[in-house]
Each structure stands twice: as structure tokens, then as C-alpha cells.
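> Pasting a structure here, questions to come.
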Amino acid sequence: MRHITFGFCLCLLQLITAFGAPTVPLQPDIPYANSDPNNVLWTPASGKVPRPERAGMGGSILGPQNIPLDLQNADLLAPPSTDNGDVDNYKWPFSLSHNRIMSGGWSRQQNVHDMYIAEEIAGQKICYIRLPCFLIHIIPSSKGVNMRLEPGAIREMHWHNTAEWAYVLKGDLRISTITPDGDVWLGDVSEGDLWYFPAGNPHSIQAKDKSPGGAEFIIIFDAGNFSEDSTFLLTDWLAHVPKSVVAKNFGLGSDLKSFDHIPEDELYIFPSSPPVDDVNKDMVVPNSSPVPYSFKFSKVIPENKQGGTVKVVDSRTFTASEKIAAAEVVLDVGGLRELHWHPTQPEWTFFISGQARITLYAASSNAATYDFYPGDIAYIPPSFGHYIENIGNTPLKFLEILKTDIFQDISLTQWLALTPPALVKAHLGFSDELINSLKGNTLERSLEYFVVQITMPDSFET
């Protein structure tokens, strides 16, 4: 038997060193994602006939076609190749909501019965949202309402078992409420201002006559299955209480004639004389609530960002708003609300002006892209990744409304910039230059919000 000498081992070691030991690559050898930019193919103003065609795939429509609708939904008719799998419909136009027309105004609403993905938040412009039903398990959401009041018109005094947050779209209003402790708040709100009523607190809403068109606003409730038609109304209650009990309650014994003018049916919205201009002259007693229930959001100076402006409001600035937080965003042409998600909060987004595009990432390779226009609603479940892009030729203005007391999000850019570079390279193959640029963007980012500027194509992809 031959003996293995020290010299032989040393020679073998030198050979291994010379040819190099096997190494594991930083990034695995796998196919890369498609480099197609997947731009939006048209908008209503592009002058194109919408066709379900993209990158040599698809074909024209031979049968009937609703062209006006297809013009507003390019990414549904010809979706980007990055879309995949099944994602619940997360878009609802208020234009598709059934409107309740009254003497003095109107109201339409969106809730979980209209858009089944929107279990967490309901909005009222007054408005309903109805979307196809797929199974996504999330906790009950919010509802939205869109309402219009003529000058002097009143939204009947009422209360409900959900919190109410409102944003004034146009005009001027006077609101009032009392708390269980008997504290009073009476105040005026104008375009861009807010109010908030906790669950159970009775309140009133009346349009002033400063604007000839009255006022319009959206209301958000913190329960997706809530219906504006099921509120507790003052007239409806007293019409269903024996008059002898009503008289006794107000200390009038058997004097029933004093209550002969209680309406038989609810008023809901009705015309009336406008309130006096000076809010102080309308007060029965001075405001005694230590917490204001209205907020002059219109007076907040927006924060300038790379691709637009943003204003954030939550319980840190509007103390009463314990369950709803929001951001008012204006994106410049070509601006992008960066890729991000909200950790545990659902988002109810309302588009005020401009044209937008959103891709919603729902995990497990599921993603869907939709286009949005003024009066449309987007609903983003908690933790779903998304962006909001301005695809029009005018500024894009929208509200991001979250069911939470503190506005929070997680930025993809910030996450990657604050992660060890080797990990980022291993996942995405980013260069050192790109990673360093992420760090620069993170330094400019506010704690809550970041928008960036992107370059729009000279013309839409054909």
C-alpha cells in the first residue's frame, strides 16, 4: 500500500486552488421577467378604436361593442402581460350607482353589496359599489356615499351605529353634533374640508347659500355592509312612537296638538331656509366639545414631492377622527404614487379629477390592472401591493382613505434601500448604482408618503 505523502496533499491543494472551488451564484440562473413596458394603449382622448389586441396577440371585436365604455377601460380590454390569475373587481364608478332623488338633493352609495371586495370601508358620495363576487377573506370594510344638497337643503337629523367621515367636494355646509356627555359642536365646512361623527352621535348637515349650487360631498363609513338607507332618522322615530308617549316625554302631558306636524314618513333630504351666515348666531349654546368635529383641511399647506403634492390627515391632526385617516394627493402629468402597500388597513380611493391607472398585486401571481376616471372608486385590501399612475394630460387628484387612526404605508423603494445590498442583488439583480439611487430617494421620502415623477411616452403604444 502506498503512503500518501505530505507533498502529494500539498500538490492536490494547490491544484484545487488554481482551478477554483465551486461557488454559488449571487442570483439563481432563472428566466427573467418580460421587458415589455406594457404601457396603457389608449385613453378616451387618444382617438383610437379600442381593440383587445396587445403585442401581436388578440384580435378585433366582430360583434357588438360598447365603445364609450371600452375607451375608459383600456387595461381591461387589452390588459398588460403582467396581469395574471384572478383578482376581485376593485373598481366601481359612482355613475353606476342607483341614485335616490329627493326634493332638495340626491344621494347614492357604495357598499359591500356593490363591490364584494370592499368589505372594510363604505363610501357615500352618496354612492353604492357593486362588483363581481370572488372569495377574498378580509374583515368587514367601509362604505361610501355621495350626496348633493341644494342651498338650504337639510340631510335629516339622524344617527347610526358606524363612524362617519366626510370630505366636501363643492360648496359650503353647516354641521352639528352632540356627544353622550352633552358636549356640543356646531361648525361650517367648505370645499376640501372634513367632518367626523363617532358612531352613535346624533348630527345634522345643511347646505348654506353661499354657493348657488348648494353643496356636494362624500361620506365614508367604517363598515362595508352599512346602508345609508338604514340610519336612525328623527322624523321616522317619532312617527312610530305613540303620541301620548311623545307628549309625556316632552313634559306636555295630554297636549297632543303640539305634535300634529310630525311627518308621517321620513324626510331624509328636504328643502328649507338656509342657516344664518354667522355660525355664532346659530348656536344655542357656545361650543363645549373639547374635540372639534370639523377640520379645515382646505387650509393645510400641501407638501411638495417630486411628482406632485400630498396632504395627510389623521388622528394626530384631526383629533376626533379616530377610525379614518386620509391623504389628498395631486399627481403631476406623468406622476406616480410609488409602489407600496398598507400593512393592515384597507384603502378606499376616490378620484376627483384626471385619469389614473392601478395594478393590484394580490399575492400568488395574481395581479390585475384597471383605469380610473373622475367619480370612480378603487378599493385596495390590506397588504395588497399597488401604485397609482397619472396616465392623462392633466393633473390627477384623488383621496386615499384608510380605515385607521394613523395613516401608514410601506414603500417598496424604502424597504429595498434599507435592506443589505447583497440581498437586493440576490433577488432582483440590481446594480450598485441603482441601489445607491434608492438610498437617495429614501432620504427625500416623508414618513408617510412619496410620489415620483416618471417620463410618459410621446404617444400611446399601438
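The values are calculated or read from the model by the stated rules, or taken from the named source; none is laboratory data. All figures in this text were calculated on a predicted structure; none of them were measured in a lab. Don't worry about glycine lacking a Cβ; one is built from the backbone with ideal geometry, like all the others, and counts go over all protein chains shown. For the accessible areas, the whole protein counts, side chains as well, though only heavy atoms, and no ligand, DNA or RNA atoms are used. Shrake-Rupley method; radii C 1.70, N 1.55, O 1.52, S 1.80 Å.
> Given segment 72-190, what strands (runs of 3 or more DSSP E) lie entirely inside it while holding 3 or more residues that are modelled with pLDDT of 95 or more and not charged (D, E, K, R)? Show your work before the answer.
Numbers: elements: 91-93, 100-102, 105-110, 122-124, 143-149, 154-159, 164-170, 172-178, 184-190.
Qualifying strands (runs of 3 or more DSSP E): 105-110, 143-149, 154-159, 164-170, 172-178, 184-190.
> Let me ask something else. Name the residue, out of L41, L62, that is at pLDDT 95 or above and over 30 Å from G354 (Cα atoms).
Testing whether each residue is at pLDDT 95 or above and over 30 Å from G354 (Cα atoms) leaves just L62.
> Just to verify a result, which residue in segment 327-337, among those that are aliphatic (A, V, I, L, M), assigned to a strand (DSSP E or B) and out of contact with any Phe, Trp or Tyr (no Cβ under 7 Å at 6 or more places or on another chain), is most open to solvent (accessible area, probe 1.4 Å)?
Checked segment 327-337; the qualifying residue most open to solvent (accessible area, probe 1.4 Å) is V330.
> Go through (1) surrounded by fewer than 16 Cβ atoms within 10 Å (Cβ to Cβ); (2) more than 18 Å from T359 (Cα to Cα); (3) in contact with a strand residue (DSSP E or B) (Cβ under 9 Å, 6 or more places away or on another chain); (4) not basic (K, R) for S46 and report which single condition fails.
(3)
> Conditions first: (1) in contact with a helix residue (DSSP H, G or I) (Cβ under 8 Å, 6 or more places away or on another chain); (2) closer than 16 Å to I377 by Cα. E338 passes all but one, so which condition is the exception?
(2)
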